[in-house]
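Here is the structure we will look at.
The values are calculated or read from the model by the stated rules, or taken from the named source; none is laboratory data. All figures in this text were calculated on a predicted structure; none of them were measured in a lab. Ideal geometry is used to build each Cβ from the backbone, glycine not excepted, and the neighbour counts take in all protein chains shown.
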Amino acid sequence: MSIQLTLSFLILAVVDSLNPSIILMTLYLLSTKRPEKRTASYIFAVFVTNWTLGLLVYFGLGATLSAIINRIIYTTSWWAYAIQFVAAVALLIAAVRMKTEADTSLTRKPKKINPVATFSLGVGLTFLEFSTAAPYLGAIAALTKAAPPTLLVITALGLYNIIYVGIPLTLFSIFLFKHDQAQPLLTRINLHVSRWIKKIMKVAFFILGVLLLADFVGYLLGHPFLVPQ
């Protein structure tokens, strides 16, 4: 992959990792009694599900669309830019409509929740989030345009999802290695996350949306800049 593609891919992964739903749910699970197994199960479910969905879109949906489009216009490049356009519009709409108030809804703790339940929770939440995963769709579109080898695609999407769950993994590590001090520390982190993460995402989504939209316009004019033809 080119340096431009690698940088844009990593930036999209970092922005996607600021997902407030995934982070707040991790903080919520860590606030429960003996949360190690259920939190690990949840994070693993998010990672595996998001990685699998990305691979299915790239190799499944992508291959099907490519076959159809190739028969019509003998090229596959335009549909990747179509996905990028949709991702750009979704990012801009999300940036405009996103509420930035602190989320205080996760206050009650369950009496009992097992790792199987949290794994299912991770799978379900990731499925719901995937339908609006504009950065992820943008990253998949960028990979599709570059058409790297299969092993590199699998590795790149795996790396993307390691970054995607990077914040939950960091919070989990803090709990494991700073167990005695973890609860007040995580409470403070929860407060700051609730207060700032949506504001950061609002700005980041807007900037990324503008960049992806500008690249799409550049493609229409024959001069895309994220992945030059």
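What do you reckon, is residue 81 aromatic (Phe, Trp, Tyr), at pLDDT 80 or above and closer than 30 Å to residue 210 by Cα? Spell out the reasoning first.
Details: aromatic (Phe, Trp, Tyr): yes; at pLDDT 80 or above: no; closer than 30 Å to residue 210 by Cα: yes.
Taking the combined requirement at face value, the residue does not satisfy it.
Given the options 37, 109, 33, 99, name the one that is over 16 Å from the mean Cα position of the chain (by Cα) and at pLDDT 80 or above. Quick ask: steps written out before the conclusion?
Numbers: 109 fails: at pLDDT 80 or above; 33 fails: at pLDDT 80 or above; 99 fails: at pLDDT 80 or above.
After applying the criteria, what remains is 37.
Could you please find all residues in the stretch 1-59 being part of a helix (DSSP H, G or I), of a type in the set (S, T, N, Q) and within 25 Å of residue 176 (Cα to Cα)?
Once the filter is applied, which keeps residues that are part of a helix (DSSP H, G or I), of a type in the set (S, T, N, Q) and within 25 Å of residue 176 (Cα to Cα), the stretch 1-59 yields 21, 26, 39, 41, 49, 50.
Given the conditions (1) within 20 Å of the chain's Cα centre (by Cα); (2) hydroxyl-bearing (Ser, Thr, Tyr); (3) at pLDDT below 85; (4) surrounded by fewer than 20 Cβ atoms within 10 Å (Cβ to Cβ), report the number of the one that residue 8 does not fulfil.
(4)
Just checking, does the stretch 217-228 include any residue being closer than 21 Å to residue 48 by Cα, modelled with pLDDT under 70 and outside any helix (DSSP H, G or I)?
no
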